[in-house]
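Have a look at the structure below, then the notes.
The values are calculated or read from the model by the stated rules, or taken from the named source; none is laboratory data. Here the structure is a predicted model, which is why all the values come from computation and not from measurement. Heads up, the Cβs are rebuilt from the backbone with ideal geometry, glycines too, and the neighbour counts pull from every protein chain shown. Surface areas here come from the heavy atoms of the whole protein model, side chains and all, with no ligands, DNA or RNA. Shrake-Rupley method; radii C 1.70, N 1.55, O 1.52, S 1.80 Å.
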Amino acid sequence: MHTAYTANGTPYYTEATMVIECKKMYAAPFDPKGFKEVPAQMYSNFPAGIHWMYIGEVINAWKK
């Protein structure tokens, strides 16, 4: 994979057929208390830890 950067400095892969550039508006880790049975089992031994949720505003999009 080859990395390039948008005019805003956002990295993307040149091999991508579509790039969506967003401005981050909100970020928070998932709350384990909200997990149902399957995600709770998956995350109990997940080495990377809890995933994060992001909300963003699309500021650019390109399609090859």
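Points worth noting:
- Fraction of accessible area attributable to carbon and sulfur, the chain (%, probe 1.4 Å): 60 percent
- P(r) weight above 15 Å for the chain, C-alpha pairs, percent: 64 percent
- Contour excess over end-to-end distance, with Cα ends at Phe35 and Val58 and 0.36 nm allotted per residue: 5.5 nm
- Segment Met1-Lys23, length gained on full extension (0.36 nm per residue, minus Cα span): 5.6 nm
- Per residue accessible area in Å² of the chain, where ligands, DNA and RNA are left out and the probe is 1.4 Å: 86 Å²
- Coil-residue chymotrypsin sites (Phe, Trp or Tyr not before Pro) of the chain, DSSP, other Cβ within 10 Å capped at 14: Phe30
- Rounded to the nearest 20, the size of the Cβ-charge dipole of the chain about its Cα centre is 80 debye, with Lys and Arg at +1 and Asp and Glu at -1.
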